[in-house]
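Student: Let me begin by handing over the structure; questions about it come next.
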Amino acid sequence: MFYKNARIFTGDFQFHTGAFEVVDGKFGAVLPENVPEDAIDLNGATVIPGLIEVHSHGAAGFDFSDGVYEGLVEMAKYYLSCGVTSFAPASMTLPYDVLEKAFATARKIVDEKPDGCSVLRGIQMEGPYFSYKKRGAQNADYLKEPDFEGFKALYEGCGGLVRIVDVAPELPGAAEFVAKAKDLCTVSIAHTDSDYDHAKLAVDAGVTHLTHLYNAMPGIHHRNPGVIPAAVENKNVRAEIICDGLHIHPASVRLAFSMFGGERMIAVSDSGRCAGQAEGYQFDLGGQMAEVRGGVAKLVGTETIACSATNLWQCLVNLLAWNIPEEDAVRACTYNPACAIGAQELVGSIQSGKVADFLVIAPGYTGKRVFLAGIEQ
């Protein structure tokens, strides 16, 4: 099937007007010279790859860490309705047996491939190897020092689905953990009070990711630069950023894109089970109670931000409203996250041979049609 007269975000990360083909769930020819007369006319609509979420704990009343298969299916349905065609759910700082159960549900949804769902392409293991001082909404009762053997057992137990593992570089044994874990998956710095030197050691050991930039890490100081400059100056490190407009001021989002460049930024929602729920909704988050207050989730009785209540589509709309160049905003929601979870050969860009996950966008990004493996949802 051919689609013509489309404004397509192609594999060179630019927009081009032309046609594209979908064959057996994959992209065929992209921008071909010869287009069949019966090609479907998209009337100049913008076409981008399906969005890829690599940091969401939950949605629609469910949390990945619950380890409930039916809940994970509902999350995946919600993501797909938001234009997210691939996702890697994030766990919390919890005991290993709880994580093992959650990871097993991920394995099950990958194996069973339920209809009408975004495709699970990995897991982000957010915790328990974190700093107490920068734990944020992570449960302090379950914090641990980096433990490669424990991590490896979890990794192998779910068939290698863990695609990102997080660690605070100032903890004992962190650099050694990074050096081993990098051969299995992406290693990220997160929930850390690290100085520049420890962060640089971790980056030199193999860190290539920064989890929710600015949040749960030291700010930049000219005499104590900390984690962020250590990541910026190494071109192999990408940075996530939460784009709900509440975790981070839009000016700081623009600064992040200036520091890292569009090729290294990853937009994430960092949503919890509250995504899609009303103001005042209360819920459990890793053994602590949180509530939606002012459009964001906070731990009950505190001002500690727990997670967002948004979704990645809204994050993309926000980025555009904040004057992030369209090409950079789209790439941050598609190809860059695909790279972070090692899925860039399958998804993340509109190129011949890749899975035909794409969105047909209404003018001004006011809506979208969602296609999963070439089929409209």
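Student: What are the ³J(HN,Hα) couplings of the stretch 348-356, residue after residue, when phi is run through the Karplus curve with 6.51, -1.76, 1.60 and θ = phi - 60°? Round to Hz, x for glycine and proline.
Tutor: Rounded to whole hertz, the list is x, 7, 8, 9, 3, x, 7, 4, 7.
Student: Could you check the spin-label model distance between GLU70 and ALA153? Points 7 Å from the Cα along Cα→Cβ, value in nm.
Tutor: Rounded to a tenth, the inter-label distance reads 3.1 nm.
Student: Another one. Can you give me the pair-distance distribution of the stretch 320-364, C-alpha pairs, 5 Å bins, whole percents?
Tutor: The calculated distribution, bin by bin, is 5, 21, 24, 25, 15, 9, 1.
Student: Still on this model: Inverting the mean 1/r over all pairs of different Cα atoms, compute the Kirkwood radius of the chain and quote it in Å.
Tutor: Result for the chain, one decimal place: 20.6 Å.
Student: Taking 8 Å as the Cα distance limit and 6 or more residues as the minimum spacing, I'd like the relative contact order of the chain as a percentage.
Tutor: Reported as a whole number, the value is 20 percent.
Student: How far apart, in nm, are the 7 Å Cα→Cβ label points at THR304 and HIS222?
Tutor: Result for the modelled spin labels: 3.4 nm.
Student: Right, next: ASP41 to ARG107: FRET efficiency via 1/(1 + (r/R0)^6), r the Cβ-Cβ distance, R0 56 Å, to the nearest 0.05?
Tutor: Efficiency for this residue pair is about 0.85.
Student: For the stretch 205-264, report the translational diffusion coefficient in µm²/s to the nearest whole number, using Stokes-Einstein at 25 °C, 0.890 mPa s, and a Kirkwood Rh over Cα pairs.
Tutor: This corresponds to a translational diffusion coefficient of 206 µm²/s.
Student: Here is a follow-up. What's the lysine pair count for the stretch 52-346 at a Cα cut-off below 18 Å, pairs eight or more apart or interchain?
Tutor: Lysine pairs satisfying the spacing and distance rule in the stretch 52-346 number 15.
Student: On to the next question. Which FRET efficiency, nearest 0.05, do THR17 and LEU246 yield, Cβ-Cβ r, R0 41 Å?
Tutor: Once rounded, the FRET efficiency stands at 0.70.
Student: Which longest run of the chain has no exposed loop site in it, a site being trypsin sites (Lys or Arg not before Pro) in a DSSP loop with at most 16 other beta carbons within 10 Å, and the site itself not part of the run?
Tutor: Between exposed loop sites, the widest span is 236-377.
Student: Could you state the number of Å between the C-alpha centres of the stretch 203-229 and the stretch 310-377?
Tutor: Value for the Cα centre distance between the two parts: 27 Å.
Student: While we're on this one: Stick to Cα atoms and the Kirkwood definition of Rh, then tell me Rg/Rh for the stretch 203-311.
Tutor: On the Cα set of the stretch 203-311, Rg over Rh gives 1.02.
Student: Let me know the longest stretch in the chain that avoids all GluC sites (Glu not before Pro) found in a DSSP loop with at most 16 other C-beta atoms within 10 Å.
Tutor: For GluC sites (Glu not before Pro) (loop position, at most 16 other Cβ atoms within 10 Å), the longest site-free span of the chain is 38-232.
Student: Going by a 4.7 Å Cβ-Cβ cut-off, which cysteines of the chain have no partner at all?
Tutor: Result for the chain is CYS82, CYS117, CYS158, CYS185, CYS274, CYS307, CYS333, CYS339, no neighbouring Cys Cβ within the cutoff.
Throughout, read-outs are computed from the coordinates displayed, never taken from laboratory work. Since the model is a prediction, treat every value here as computed from it, not as a measurement. Neighbour counts are summed over all protein chains in view; Cβ atoms, including those assigned to glycine, are modelled from backbone coordinates with ideal geometry.
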